[in-house]
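**Q** Got a structure for you, written out below as structure tokens; questions coming shortly.
The values are calculated or read from the model by the stated rules, or taken from the named source; none is laboratory data. Given the structure is predicted, the values throughout are model-derived calculations rather than measurements. No Cβ is skipped: glycine too gets one built from the backbone with ideal geometry, and neighbour counts run over all protein chains shown.
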């Protein structure tokens with residue numbers, strides 16, 4: 001999900017954040033914070049996946065399935081005016097080869113409210129169904145490709161915008177949206193808030209050999225985007241059964 005790939009026209013009920021991962025057994029005496037801490041240190045399997053936008057055009061999904069990709073996130077919308085023209089081929093194509101797939105929305109907080117953008121997203125591919133193969137939608141909130149890094153909002157204003165989006169998305173779908181971001185942007189533009197860490201799964205972007213330090217409040221990542229070569233590749237923090245559990249909600 002590099003910024004260039006998001007230029008418009010160019011090129012769920014309980015969140016996994018509160019569910020123990022593989023290798024961990026929760027008991028009635030285990031708090032969510034303790035669960036996440038245990039999960040962060042436990043040796044767990046990861047599941048390979050990818051994400052795409054209009055930049056990739058028509059994707060050869062059979063090829064990527066053969067490369068071991070088990071899930072895909074597909075860009076659906078941006079702001080309140082843009083829809084990915086390749087969305088149907090990418091979203092349905094990934095599903096048809098057997099991948100668990102979901103949709104993401106590239107946020108433009110300077111252009112309209114979080115509520116309006118959540119509605120645009122849900123109305124144009126970002127919904128969710130309990131079919132076992134549809135992941136909760138993603139709020140992709142990061143560097144502004146069109147101007148000021150934080151879209152002209154204060155840290156408090158950005159937190160309010162994200163809250164409006166995630167609240168509306170949950171009201172429309174019954175799922176907590178995944179939040180995709182980077183540590184640097186999140187720190188600069190939200191003040192490194194931990195406000196969403198108890199409800200919204202984290203998708204961290206860091207092109208390196210490890211996900212590194214996570215934003216405040218999250219003790220582990222749910223997804224980690226680790227490279228953009230030759231396209232965006234990701235690791236889900238758990239085995240395939242855990243990924244299916246996230247899809248089911």
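**Q** Take the range 72-86 and flag every residue that is out of contact with any helix residue (DSSP H, G or I) (no Cβ under 6 Å at 6 or more places or on another chain) and either assigned to a strand (DSSP E or B) or under 19 Å from residue 203 (Cβ atoms) (or both).
**A** Answer for the range 72-86, where residues must be out of contact with any helix residue (DSSP H, G or I) (no Cβ under 6 Å at 6 or more places or on another chain) and either assigned to a strand (DSSP E or B) or under 19 Å from residue 203 (Cβ atoms) (or both): 73, 75, 78, 82, 83.
**Q** Which ones in the range 179-199 are in a loop (DSSP other than H, G, I, E, B), under 20 Å from residue 152 (Cβ atoms) and in contact with a helix residue (DSSP H, G or I) (Cβ under 8 Å, 6 or more places away or on another chain)?
**A** Those that are in a loop (DSSP other than H, G, I, E, B), under 20 Å from residue 152 (Cβ atoms) and in contact with a helix residue (DSSP H, G or I) (Cβ under 8 Å, 6 or more places away or on another chain): 191, 192, 193.
**Q** Quick check: anything in the range 115-129 crowded, with 23+ Cβ neighbours inside 10 Å, under 17 Å from the mean Cα position of the chain (by Cα) and in a strand (DSSP E or B)?
**A** No: the range 115-129 contains no residue that is crowded, with 23+ Cβ neighbours inside 10 Å, under 17 Å from the mean Cα position of the chain (by Cα) and in a strand (DSSP E or B).
**Q** Another question, then. Among the numbered criteria (1) surrounded by 16 or more Cβ atoms within 10 Å (Cβ to Cβ); (2) part of a loop (DSSP other than H, G, I, E, B); (3) modelled with pLDDT under 95, which single criterion is violated by residue 69?
**A** Tallying (1) surrounded by 16 or more Cβ atoms within 10 Å (Cβ to Cβ); (2) part of a loop (DSSP other than H, G, I, E, B); (3) modelled with pLDDT under 95, residue 69 fails exactly one: (3).
**Q** Please pick out the residue among 221, 180 that is under 21 Å from residue 118 (Cβ atoms) and surrounded by 18 or more Cβ atoms within 10 Å (Cβ to Cβ).
**A** After applying the criteria, what remains is 180.
**Q** Determine whether the range 156-177 contains at least one residue that is at positive phi, touching a helix residue (DSSP H, G or I) at 6+ places or on another chain (Cβ under 6 Å) and surrounded by fewer than 17 Cβ atoms within 10 Å (Cβ to Cβ).
**A** Looking through the range 156-177, none of the residues is at positive phi, touching a helix residue (DSSP H, G or I) at 6+ places or on another chain (Cβ under 6 Å) and surrounded by fewer than 17 Cβ atoms within 10 Å (Cβ to Cβ).
**Q** Now for a different question. Looking only at the range 183-203, which residues are crowded, with 22+ Cβ neighbours inside 10 Å and over 14 Å from residue 49 (Cβ atoms)?
**A** Going through the range 183-203, the residues crowded, with 22+ Cβ neighbours inside 10 Å turn out to be 186, 189-190, 196, 200-203.
186, 189, 190, 196, 200, 202, listed by residue number.
**Q** I've got another one for you. Can you pull out the residues in the range 216-249 that are touching a helix residue (DSSP H, G or I) at 6+ places or on another chain (Cβ under 6 Å) and outside any loop (DSSP other than H, G, I, E, B)?
**A** 236, 246
**Q** Among the candidates 23, 9, single out the residue that is closer than 24 Å to residue 210 by Cα and either in a loop (DSSP other than H, G, I, E, B) or modelled with pLDDT of 95 or more (or both).
**A** 23
**Q** Next question. Report the residue count in the range 224-249 for those that are in contact with a strand residue (DSSP E or B) (Cβ under 6 Å, 6 or more places away or on another chain) and either within 21 Å of residue 189 (Cα to Cα) or at pLDDT below 95 (or both).
**A** Here the count works out to 2.
**Q** May I ask you to say which residue of 62, 48 is modelled with pLDDT of 95 or more, surrounded by fewer than 17 Cβ atoms within 10 Å (Cβ to Cβ) and in a helix (DSSP H, G or I)?
**A** The unique qualifying residue is 62.
**Q** Does residue 136 fit the bill of being touching a strand residue (DSSP E or B) at 6+ places or on another chain (Cβ under 7 Å), part of a loop (DSSP other than H, G, I, E, B), on the phi < 0 side of the Ramachandran plot and crowded, with 21+ Cβ neighbours inside 10 Å?
**A** On the way: touching a strand residue (DSSP E or B) at 6+ places or on another chain (Cβ under 7 Å): yes; part of a loop (DSSP other than H, G, I, E, B): yes; on the phi < 0 side of the Ramachandran plot: yes; crowded, with 21+ Cβ neighbours inside 10 Å: yes.
Against the criterion (touching a strand residue (DSSP E or B) at 6+ places or on another chain (Cβ under 7 Å), part of a loop (DSSP other than H, G, I, E, B), on the phi < 0 side of the Ramachandran plot and crowded, with 21+ Cβ neighbours inside 10 Å), residue 136 qualifies.
**Q** Shifting gears a bit: Being surrounded by fewer than 21 Cβ atoms within 10 Å (Cβ to Cβ), over 20 Å from the mean Cα position of the chain (by Cα), at negative phi and modelled with pLDDT of 95 or more: is that true of residue 95 here?
**A** Considered against the rule, which asks whether it is surrounded by fewer than 21 Cβ atoms within 10 Å (Cβ to Cβ), over 20 Å from the mean Cα position of the chain (by Cα), at negative phi and modelled with pLDDT of 95 or more, residue 95 comes out as no.
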